[in-house]
Amino acid sequence: MTLDRVRTGTLPHWRSPLRGPWLTAALGLVLLVGVTVLVVTGLLSYAAYEPDLPGNDATPGRALLGAYLFDWPTDPPWLYRLTQGAHVALGIALVPVVLAKLWSVIPRLFELPPVRSLGHALERATLLLLVGGIVFEFVTGILNIQVFYVFPFSFYTAHFYGAWVFLGAFVAHVVLKLPTMLRSLRDRPAGIARTRTADTRPEPYEPGGLVSADPAPPTVSRRGAAMFVGAASATLFGLYIGQTLDGPLRRTALFAPHDRDLGEGANAFPVNKTAATAGVTQALADAWRLELAGPSGTRRFTRADLLALPQHTYELPIACVEGWSVSRSWTGVRLADLVRLAGGTDRDRLLVESFQAGGAFGRVSLSVGQSQAERSLLALSVGGEDLSLDHGFPARTIVPAAPGVHATKWVGRLTVVAA
Ligand SMILES: Nc1nc2c(c(=O)[nH]1)N[C@H]1C(S)=C(S)[C@@H](COP(=O)(O)O)O[C@H]1N2
Ligand SMILES: [Mo]
């Protein structure tokens, strides 16, 4: 008897009259669109890391999972700012929708007996990977954007493999459920999304379906529930999106972990790793020489030597994988000019190494396109001020459309590599 009540979703705590195929389908439609954008922007972010180049990828065993990769462009320069800002802000905004969707199907997640047939077993396994996958991706993603690195594994590797597990289950789930979703939306009872609380009726009962056999009286209308979820999403989105905006609206990013008030001056923008934590001191920076290695040997440049080369100024964003971004005007030497000075050609690319103490960001391979792009700079100043020590003094690279993590600070050596 109890088993039967579990199966039909009629246990006392699953008696909401709102639960039913239409509500699940409506939430499913939002997630079908939203999660697709999330997956696409996530995979684009991976491509933006140029993981085919040596040292750029922490998932060397990915095999076919990187089959879609392409050479990430350098134009428009705000491309990664857009795709990654969207990935993070949308991921945050979808949290209430995912929770509502899980709530809407909760009797299904606890079906008894857990497995009835081989087909049913496969469907259950897909559900486990689907729900487990989305929870894992959201938890790791949110902890990472909150700069709260508590998990005992690499975010990059875990979020990447987790995404593929989730994507497999997501595709299977969409294939299995799309007809039901479309049918439920089409055959909805008249006025289902519009009625007031008092007039809210359950959808028609079907044994084994989502509708409770013994529904409780309504306490909220479907429209009220949708507004609740929508308002939660909009609030989260609204309190994060400011971290991607330049200007006064940045102060609205109340939930984002980085400085809302960037303060005065060109160097006032978020610092992911300070000079102190990177083991970079003013004394090291003052004794600094840039080592430039290439076909015509190794040369050393002081900051004054570099300032004597042709200087170029471009407005370019720094856009971190964690979702924040700022636009600044950078001045310095073109990377392509340095490639030529080292005896390279426009078919060569650069390996950029920082003189910071150890660390994962010390070595970055830039693609040929990135090394040769007109606006790719070894920046010496930002907004007319010398770079601050925290922002990479004496010199940092800045590459249009590249993820922030490839804007190497405290550059110690540039090596020209034949592509
Ligand atoms: N040498 C070095 N360069 C680095 C980093 C670093 O830790 N070490 N962090 C990177 C990351 S993750 C980002 S998003 C950008 C921007 O960070 P910033 O604002 O601290 O410069 O710098 C990048 N350059
Ligand atoms: Mo970053």
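The values are calculated or read from the model by the stated rules, or taken from the named source; none is laboratory data. Nothing here was measured: the structure is a model prediction, and the numbers come from that model. Every residue, glycine among them, receives a Cβ derived from its backbone with ideal geometry; neighbour counts consider all protein chains shown. The area values use the complete protein model at the heavy-atom level, side chains included, leaving out ligands, DNA and RNA. Shrake-Rupley method; radii C 1.70, N 1.55, O 1.52, S 1.80 Å.
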Item checked: Whole-Hz couplings from phi, Karplus 6.51/-1.76/1.60, listed for region 404-419; x for Gly and Pro -> x, 4, 9, 8, 5, 8, 6, 5, x, 9, 10, 10, 7, 10, 6, 6
Margin query: Over the Cα atoms of the chain, what radius of gyration and what Dmax do you get, in Å?
Written below: 26.2, 86
Checklist line | Kirkwood Rh in Å, taken over all unlike Cα pairs in region 118-239 | finding: 17.9
Notebook entry, point to check: On a 0 to 90 degree scale, rounded to 10, what angle separates helix 155-186 from the longest Cα axis of the chain?
Noted result: 40
Check: Mind checking which of ARG196, ARG289, ARG363 has the largest fluctuation in a GNM of the chain, springs on alpha carbons under 10 Å?
Finding: ARG196
Checklist line | Apportionment of accessible area to carbon and sulfur, the chain, percent (1.4 Å) | finding: 65
Next item on the list: Please calculate the 1.4 Å probe accessible area of GLU315, with all protein chains present, and give it to the nearest 10 Å².
Entry: 110
Check: What value, in deg cm²/dmol to 500, does the helix sum -39500 (n - 2.57) over DSSP H runs of n ≥ 4 give at 222 nm once divided by the residues of the chain?
Finding: -13000 deg cm²/dmol
Check: Between ARG116 and VAL95, what FRET efficiency comes out of the Förster formula 1/(1 + (r/R0)^6) with R0 = 22 Å and r the beta carbon distance, rounded to 0.05?
Finding: 0.10
Next item on the list: Could I have the simple spin-label model distance between ARG299 and GLN311, label points 7 Å from Cα toward Cβ, reported in nm to one decimal?
Entry: 1.9
Check: Taking every eigenvalue of the Cα gyration tensor of region 2-244, multiplying by 5 and rooting it, what semi-axes result, largest first, whole Å?
Finding: 36, 22, 15
Next item on the list: Name the residue, out of SER367, SER104, SER16, whose mean-square fluctuation peaks in a Gaussian network model built on the chain with Cα pairs under 10 Å.
Entry: SER16
Check: With the chain treated as a Gaussian network of Cα nodes joined by springs under 10 Å, which of VAL150, VAL326, VAL280 yields the largest mean-square fluctuation?
Finding: VAL150
Margin query: Under the 0.36 nm per residue contour assumption, what length would be gained going from the current alpha-carbon distance of SER329 and ASN56 to full extension?
Written below: 95.7 nm
Next item on the list: With a 1.4 Å probe and every protein chain left in place, work out the accessible area per residue of the chain in Å², rounded to a whole number.
Entry: 46
Next item on the list: Taking every pair of alpha-carbon atoms in region 340-419, give the share separated by more than 22 Å as a whole percent.
Entry: 20
Next item on the list: Please sort by residue number the trypsin sites (Lys or Arg not before Pro) in region 292-348 whose DSSP state is loop and whose Cβ has at most 13 other Cβ atoms within 10 Å.
Entry: ARG347
Checklist line | Among 390-403, 40-53, the order from most to least packed when residues are scored by Cβ within 10 Å on average | finding: 390-403, 40-53
Notebook entry, point to check: In cubic angstrom, how much convex hull volume per residue do the alpha carbon atoms of region 317-380 span?
Noted result: 111
Next item on the list: Mind checking the full-extension length gain between ASP75 and VAL139? Use 0.36 nm per residue of separation minus the Cα-Cα distance, one decimal, nm.
Entry: 19.8 nm
